Amino acid sequence: MPFIRLPAELLLIILEKCRRATLCQLLRVNRHIHDLAIRELYATIPRLPLEVSTRCLTSLCFSDLASQLVKKLTINWEDVYLKDEIPNQGLFKAMVRYGTLPAVLNRRLFRDRFALLRTVLGRTTNLTSLTLIVSGRDSQSDVYAADVLSLASFSLTYFKTTFVVGPHVTAFIEHQQDLKELCLTSESRMLEGVALPEGACPRLERFSWTWGTGDQLELAVRVIKSRPMRHVGAVLSARNAIEGVDMISQAAPQLDSAVFTLRDFMPKNFLPHVSSRLPHLIHLKLSLARLPPKEILDGIGQFLLTPFGLRLKSLCLLVRSLRVNLATEQMDDLRNRNYALLTKG
């Protein structure tokens, strides 16, 4: 049977496996294939280069069909400021592409990043997954976040952002009753005196953050507490690693998955302490700033032979400085051990 005569159900399964470049080509086959391929093409908008991302978001502002099809959206503008004017977006080109009247009435979208981002988030009402990354300076402004999210009316299950969690971002998250995963990354942090109410986000199962010292750790633990949490991703320092695990275990002892990023070195008794405080873990990932001493590496091998280690389905050990001295004997030993850990299970 020719491809174009296949039932729509089979075509959709095939289109799900196609690359974006292939989907763009299929749009030109005929009207039937176009209507099916465009659903898959716009369903997920991944991280794109800045100029391509800007053009894509602009097109969503002028297409009701495309904006309603978007389910997963990633916006990464960490290399520009929101107040910077958008270059190379001439009004004449927009008039040719989108029509004279729509382009003139919405000409602000071609130069104002705030207006563009706010309009896109207001039109993508079927969005379920949003990754919103902005520059470090812009991330610190809760007022910027309030402006960007002011028109949003979608219900998310996944939200990742660099915006600081102030009153406006907290209010936005509070209204996401279907949210299952929240990731606060890079410059994002929780402001003092700001916390999610107990009834907010009742389905939240996964929470990750990239700060973990002092009062910030306590604020993060408040998010975990009283929610059906299954996974946490936390950044800990050597000084508060044991205390951090204790606080997390008291708030969510039922965790079955965890990622711990240790800023300095890993305490010698860290893994045994994790196993005693979080006995239900079956997936564990450790990200270390530097290569641990040999006695700690030997301890990891012994830990894998304990009842807790044998029950783990996956244990991943990553060293962020692994690329520096790959020729040393110790690095070779770690790579061999790391391979064993990565392939466990």
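Every number here is computed from the coordinates shown, using simple stated rules; none is lab data. Treat the numbers as computed from the prediction; the structure is a model and nothing was measured. Because the Cβ atoms are built from the backbone with ideal geometry, glycine has one as well, and the counts that use them run over all protein chains shown.
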Worksheet, complete the sentence: Rounded to the nearest 10 degrees, the helix 329-342 long axis (Cα) sits at an angle to the longest Cα principal axis of the chain of 70
Fill in: Only Lys, Arg (+1) and Asp, Glu (-1) charged, at Cβ; the stretch 1-111 dipole about Cα centre in debye
200
Worksheet item: So what J values fall out for the stretch 44-55 if you push phi through Karplus, 6.51 cos²θ - 1.76 cosθ + 1.60 with θ = phi - 60°, rounded to Hz, Gly and Pro as x?
Response: 10, 10, x, 5, 10, x, 3, 5, 5, 4, 5, 5
Discussion item. Show me, for the stretch 262-279, the HN-Hα J-couplings you get by feeding each phi into the Karplus relation (A = 6.51, B = -1.76, C = 1.60, θ = phi - 60°), rounded to Hz, glycine and proline as x.
Written reply: 9, 5, 9, 10, 8, x, 4, 9, 5, 5, x, 5, 4, 5, 7, 8, 10, x
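If each DSSP helix of 4+ residues adds -39,500 (n - 2.57) and the sum is divided by the residues in the chain, what number results at 222 nm, nearest 500 deg cm²/dmol? Numbers along the way, then the final one.
Values: 17 runs with 150 residues, N = 345.
Rounded to the nearest 500, it is -12000 deg cm²/dmol.
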Practice prompt. Only Lys, Arg, Asp and Glu count, each charged at its Cβ (+1, +1, -1, -1), so figure out the dipole size of the stretch 44-342 about its Cα centre, rounded to 20 debye.
Written response: 720
Fill in: Amide proton proximity set for residue 316, modelled H, under 5 Å, gap of 5+
284, 285, 286
Worksheet entry | Placed amide H near residue 112: partners under 5 Å, 5+ positions off or other chain | 86
Worksheet item: Once phi is turned into θ = phi - 60°, what whole-Hz ³J(HN,Hα) does the Karplus curve with 6.51, -1.76 and 1.60 give for every residue of the stretch 118-128, x standing for Gly and Pro?
Response: 4, 5, 4, 5, x, 8, 7, 6, 9, 5, 10
